[in-house]
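The values are calculated or read from the model by the stated rules, or taken from the named source; none is laboratory data. In this text, all values refer to a predicted model and were calculated from it rather than measured experimentally. Cβ coordinates were reconstructed from backbone atoms using ideal geometry, including for glycine residues, and neighbour counts include every protein chain displayed.
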Amino acid sequence: MEPNGLSDFSDYIVFVDESGDHGLKSIDPEFPVFALAFCIITKSDYTKSVVPAFQGFKFRYWGHDSVVLHENEIRKSKGDFAFLRTDRTLREQFMSELSELMADAPMTIIGSVIDKAELTKKYSNPWNPYEIALHFCLERLCEFLTKKRQENLTTHVIFECRGGEEDRELEVEFHRICGDEHKWGYRNQDFTRIELLPRFAKKSVNSSGLQLADLVARPIALKTIRPNQNNRAYEIIGPKIRTKKVFPS
């Protein structure tokens, strides 16, 4: 249930995105992980800094702000980013400004990476990688919000819609975890101290926060897969990562 009073909302908003798939039946040897990233931002910073910066960036390159920044399309120069294939200088300028956008974003990142290959080796009947990653990130989010004195206030956690059934399953799992119905692992986190409420948004809403999270998730995954490979994006967001859990490790 949504709270009625404006004072019931926390000072923070959380945006979530993933990289890789969470299936265990067929594991891609080139990308054998599932990564989940939580981007935590104060609402003041989001409205005064993040959104205007994203809109300004879009206006400079497209003349409007209806474009959705999507890591996969940017990397492959597809769709609205096809122009990056034709002009190397322009591409370098674009990527430099995008990197600056990420570096300037006032956010705190919580990440979880599930090594699916190792998970299936270690456990005969492993948990769903998404459930493991979500549980870890919610644990650390509760710790963060508690330290920021956000108890008894509602913090919204924003996910991008993936589909009716998947979204329903995720919402059920989210509420199970936050209702302290899952007691597994090496700690028993009391989730009832913090009021967390999931929301699902379509890509068409053009959320700057979800686009920010989309740009964060893959670099975190790649750092686990190929830790010694040059990863400029990870270098940029690294100082913003409060905690990152790789499981099993």
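Looking only at segment 96-136, count every residue that is under 30 Å from Ile27 (Cα atoms), among the hydrophobic types (A, V, I, L, M, F, W, C) and in a helix (DSSP H, G or I) and tell me the total.
6
Taking segment 170-202 as the search range and keeping residues that are assigned to a loop (DSSP other than H, G, I, E, B) and surrounded by 15 or more Cβ atoms within 10 Å (Cβ to Cβ), which one is modelled with the lowest pLDDT?
Filtering segment 170-202 for residues assigned to a loop (DSSP other than H, G, I, E, B) gives 179-190, 194, 202.
Among the residues that remain, those that are also surrounded by 15 or more Cβ atoms within 10 Å (Cβ to Cβ) are: 182, 189, 194.
Numbers: His182: 62, Gln189: 71, Ile194: 89.
The residue in question is His182.
Tell me which residues, restricted to segment 115-140, are acidic (Asp, Glu) and surrounded by 17 or more Cβ atoms within 10 Å (Cβ to Cβ). Write out each step before concluding.
From segment 115-140, those acidic (Asp, Glu) are 115, 118, 131, 139; that's our starting set.
Hits for segment 115-140 are Asp115, Glu131, Glu139.
Taking into account only those residues within segment 38-75 that are farther than 23 Å from Cys137 by Cβ and charged (D, E, K, R), which is farthest from the chain's Cα centre (by Cα)?
The residue in question is Arg60.
Here is a list: Gln93, Gln55. Which entry is among the polar types (S, T, N, Q), more than 20 Å from Arg218 (Cα to Cα), in a helix (DSSP H, G or I) and touching a residue at least 40 places away in the same chain (Cβ under 8 Å)?
Details: Gln93 fails: touching a residue at least 40 places away in the same chain (Cβ under 8 Å).
Of Gln93, Gln55, the one residue that is among the polar types (S, T, N, Q), more than 20 Å from Arg218 (Cα to Cα), in a helix (DSSP H, G or I) and touching a residue at least 40 places away in the same chain (Cβ under 8 Å) is Gln55.
State the number of residues belonging to segment 203-217 that are aliphatic (A, V, I, L, M) and surrounded by fewer than 17 Cβ atoms within 10 Å (Cβ to Cβ). Show your work before the answer.
Applying the first criterion (aliphatic (A, V, I, L, M)) to segment 203-217 yields 205, 210, 212-213, 215-217.
Remaining after also requiring surrounded by fewer than 17 Cβ atoms within 10 Å (Cβ to Cβ): 205.
Within segment 203-217, residues that are aliphatic (A, V, I, L, M) and surrounded by fewer than 17 Cβ atoms within 10 Å (Cβ to Cβ) number 1.
Mind counting the residues in segment 84-114 that are of a type in the set (Phe, Trp, Tyr) and either loosely packed, with under 13 Cβ neighbours inside 10 Å or modelled with pLDDT under 95 (or both)? Give the steps one after another, and end with the answer.
Filtering segment 84-114 for residues of a type in the set (Phe, Trp, Tyr) gives 94.
Narrowing further to those that are either loosely packed, with under 13 Cβ neighbours inside 10 Å or modelled with pLDDT under 95 (or both): none.
Count: 0.
Take Ile237 and decide whether it is touching a helix residue (DSSP H, G or I) at 6+ places or on another chain (Cβ under 6 Å) and buried (at least 17 other Cβ atoms within 10 Å of the Cβ). Before you say what the answer is, go through the steps one by one.
Numbers: touching a helix residue (DSSP H, G or I) at 6+ places or on another chain (Cβ under 6 Å): yes; buried (at least 17 other Cβ atoms within 10 Å of the Cβ): yes.
Judged against the criteria, Ile237 is a match.
Output the residues belonging to segment 141-166 that are under 16 Å from the mean Cα position of the chain (by Cα), surrounded by fewer than 21 Cβ atoms within 10 Å (Cβ to Cβ) and not hydrophobic (A, V, I, L, M, F, W, C).
Answer for segment 141-166, where residues must be under 16 Å from the mean Cα position of the chain (by Cα), surrounded by fewer than 21 Cβ atoms within 10 Å (Cβ to Cβ) and not hydrophobic (A, V, I, L, M, F, W, C): His156, Glu160, Arg162.
Look through segment 147-169, keep the residues that are assigned to a loop (DSSP other than H, G, I, E, B) and charged (D, E, K, R), and return whichever of them is modelled with the lowest pLDDT. Explain how you work it out, then say what you get.
Of all residues in segment 147-169, those assigned to a loop (DSSP other than H, G, I, E, B) come to 148-153, 161-163.
Then keep just the ones that are charged (D, E, K, R); that gives 148-149, 151, 162.
Details: Lys148: 96, Arg149: 95, Glu151: 92, Arg162: 86.
Among them, the one singled out is Arg162.
Just name the residue that is nearest to Cys137 (Cα to Cα) out of those in segment 224-249 that are of a type outside the set (A, V, I, L, M, F, W, C), touching a residue at least 24 places away in the same chain (Cβ under 8 Å) and assigned to a helix (DSSP H, G or I).
The initial filter retains those residues of segment 224-249 that are of a type outside the set (A, V, I, L, M, F, W, C), namely 224, 226-232, 234-235, 238-240, 242-245, 248-249.
Within this subset, residues satisfying the condition of being touching a residue at least 24 places away in the same chain (Cβ under 8 Å) are 224, 232, 240, 242-245, 248-249.
Remaining after also requiring assigned to a helix (DSSP H, G or I): 224, 232, 240.
Details: Thr224: 17, Arg232: 24, Lys240: 15 Å.
Checking each candidate, the answer is Lys240.
Restricting to segment 218-233, name every residue that is surrounded by fewer than 23 Cβ atoms within 10 Å (Cβ to Cβ) and within 16 Å of Pro32 (Cβ to Cβ).
If the condition is that a residue be surrounded by fewer than 23 Cβ atoms within 10 Å (Cβ to Cβ) and within 16 Å of Pro32 (Cβ to Cβ), then Arg218, Leu222, Thr224, Ile225, Arg226, Pro227, Gln229 are the ones that fit.
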